[in-house]
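Since the structure comes first, as structure tokens, the remarks are kept for the end.
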Amino acid sequence: MLNFNFYNPTRIFFGKDRLEVIDKNVPANARVLITFGGGSAKKSGLIEKVKTFLGKRKIYEFGGIEPNPRYETLVKTIEIVRSENIDFILAVGGGSVIDGTKFISLASFYKGDSRDLLKYGFRPIPFDVVRKVVPFGTVLTLPATGSEMNSGAVISYEHGKFPVMCELIFPEFSILDPTITFTLPRIQVANGVIDAFVHTVEQYITFPADAKVQDRIAEGILQTLIEIGATTVAEPENYDARANLVWSATMALNGIIGAGVPQDWATHMIGHELTALFGIDHGQTLAIVYPALLEVRRTQKRAKLLQYAERVWHIGKGGEDEKIDLAIKKTREFFESLGIKTRLSEYGVTADKIPVVIEQLKAHGMTALSETQDLTLDISQKILERAM
Ligand code: NZQ
Ligand code: ZN
């Protein structure tokens, strides 16, 4: 097992009818800004309910945080936070609203040009750059990203998606009520299953580090997603299936399975370019890239791919290569069984666009990806060709 530090201060309130905890967990005299997305949380009545639990506190609202939240949208809120002396933010939404809120929280006390905060990539922003943030909590409406219990955000600016990492932007608390996610369109639920699945495999199918606890928790999450995936897409109001999706997605990216193990974020980095260039949903980009990446990287990942085949898919028969072939095939079939296409061409992207993606990866410094930092632009190109 590799050395690791682990820190996660987010308080979780899980289950039905948990909104009443807002009153105890938001300071009594706070001036509260509620952030939300394009309108789903208004339409469902969730924002009104949240306001009821905030009682007499002074409330401000900022809606319109779009999927793949844009810097240009978020800076407008920073002005509100400063001018109205907001001292608590409540994010009501999916990964985009929560990520956008994290950026607002971080940038509100930053003295310089807040675009500076997009330059750190996966390096945590040092505490002497941002010393203070606006505390925030979340009401999660879409299980997928894990943003409700981690300290990362992904912010879109110009033609790129920029990771922002900082320990100061863990939510103070997150309310995870599976019933709030019942209004999601099927496609978003399927995207969420795939996002959680790929977060897990990117911290698991790397090279062996003898991290037995992390491996077995990862295998538990993967088997849970395989077991409940199709059901939770087909039966939106099946509480037990959805509750298991919600907790799987949170557990997949709250730091527990990633502690002390190698990590491969290549699929996410290539996928971010596909979203930025072609507007393909985050989960769908992962469904396109991941099976192709496994095909191209099967030698580097051989030992863990075999473990994945045997322990996650229970493939007992056949030689090692046959087991790996079948595990990759089953992975692709699983994504497709949720109604998500796994070929780039099925999203209207033609092979002549691959060099454009490679140029963007280069422009964003994504030239040495993966758990071994040897996934070059040439290999990214091969993966995208395989994904056609
Ligand atoms: O904007 P509204 O109207 O609310 O509609 C949203 C949006 O159109 C809708 N939605 C959300 N909850 C709903 C609902 N519709 C009906 N009922 C509900 N209960 O769903 C659509 C997508 O929402 P979005 O928040 O964009 O989806 P998701 O949670 O998948 O977030 C994607 C973003 O998270 C980033 C991605 O890059 C992308 O920008 N990620 C963040 C990570 C993190 N912070 O750790 C890790 C991930 O790998 C990911 O990169
Ligand atoms: Zn993701």
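In a Debye calculation with equal point scatterers on the alpha-carbon sites of the stretch 186-386 and no solvent, what is log10 I(q)/I(0) at q = 0.08, 0.14, 0.15 Å⁻¹? With no solvent term, the Cα-only Debye profile gives -0.25, -0.79, -0.91.
Of interest is the spacing of the C-alpha centroids, which for the stretch 217-292 and the stretch 43-81 amounts to 26 Å. When peptides 214-222, 40-48, 196-204 are ranked by their average number of other Cβ atoms within 10 Å per residue, the highest-first order is 196-204, 214-222, 40-48.
Looking only at Cα atoms, what is the convex hull volume of the stretch 11-180 per residue, in Å³?
Measuring per residue, one finds 101 Å³ for the Cα hull of the stretch 11-180.
Computed per residue of the chain from DSSP H runs no shorter than four, each worth -39500 (n - 2.57), the mean residue ellipticity at 222 nm is -14000 deg cm²/dmol. Give the Kirkwood hydrodynamic radius (Å, one decimal) of the stretch 276-388, defined as one over the mean of 1/r across all pairs of different Cα atoms. Evaluated on the stretch 276-388, it is 15.0 Å. Per residue, the chain exposes an accessible area of 42 Å² to a 1.4 Å probe, with every protein chain left in place. A simple packing score, the average count of other Cβ atoms within 10 Å per residue, orders the peptides 344-352, 324-332 as 324-332, 344-352, with the highest score first. Determine the alpha carbon to alpha carbon distance for each of LYS43/LYS76; LYS212/LYS301; LYS24/LYS49; LYS24/LYS111; LYS49/LYS161; LYS43/LYS119 and list only those over 27 Å. Flagged as over cut-off: LYS24/LYS111; LYS49/LYS161; LYS43/LYS119.
Basic side chains Lys and Arg get +1 at the Cβ, acidic Asp and Glu get -1 at the Cβ, and with that the dipole of the stretch 11-180 about its Cα centre reaches some 220 debye. Taking the accessible area of the chain, probe 1.4 Å, and keeping the other protein chains in place, the carbon and sulfur fraction comes to 52%.
Site pair ARG82 and GLU20 shows an inter-label distance of 4.1 nm when each label is modelled 7 Å from Cα along Cα→Cβ. A Förster distance of 35 Å, applied to the separation of the beta-carbon atoms of LYS362 and LYS43, puts the FRET efficiency at 0.25.
Dividing the mean sequence gap of close Cα pairs (under 8 Å, 6+ apart) by how many residues the stretch 119-243 holds gives a relative contact order of 26 percent. What Kirkwood Rh does the chain have if only Cα atoms enter the pairwise 1/r average? Answer in Å. One over the average 1/r among Cα pairs gives 21.3 Å for the chain. In a fully extended conformation the segment linking GLU237 and THR52 would gain 64.1 nm over its present Cα-Cα distance, using 0.36 nm per residue. A simple charge model with +1 on the Cβ of Lys and Arg, -1 on the Cβ of Asp and Glu and nothing else charged puts the dipole of the chain at about 660 debye relative to its Cα centre.
With each label modelled as a point 7 angstrom along the Cα→C-beta vector, the ASN29-VAL129 pair spans 3.4 nm. Annotation: peptides 108-120, 262-274, ranked by per-residue average of other Cβ atoms within 10 Å with the highest first, follow the order 262-274, 108-120. Extension gain for GLU336-GLU322 works out to 2.9 nm (0.36 nm per residue, less the C-alpha to C-alpha distance). Measuring how big the stretch 209-258 is from its alpha-carbon positions, Rg and Dmax come out at 12.0, 39 Å.
The values are calculated or read from the model by the stated rules, or taken from the named source; none is laboratory data. This one's a predicted model, so the numbers in the text were calculated from it and none came from an experiment. Cβ atoms come from the backbone with ideal geometry, glycine included; neighbour counts cover every protein chain shown. For accessibility, only protein heavy atoms count, side chains too; no ligands or nucleic acids. Shrake-Rupley method; radii C 1.70, N 1.55, O 1.52, S 1.80 Å.
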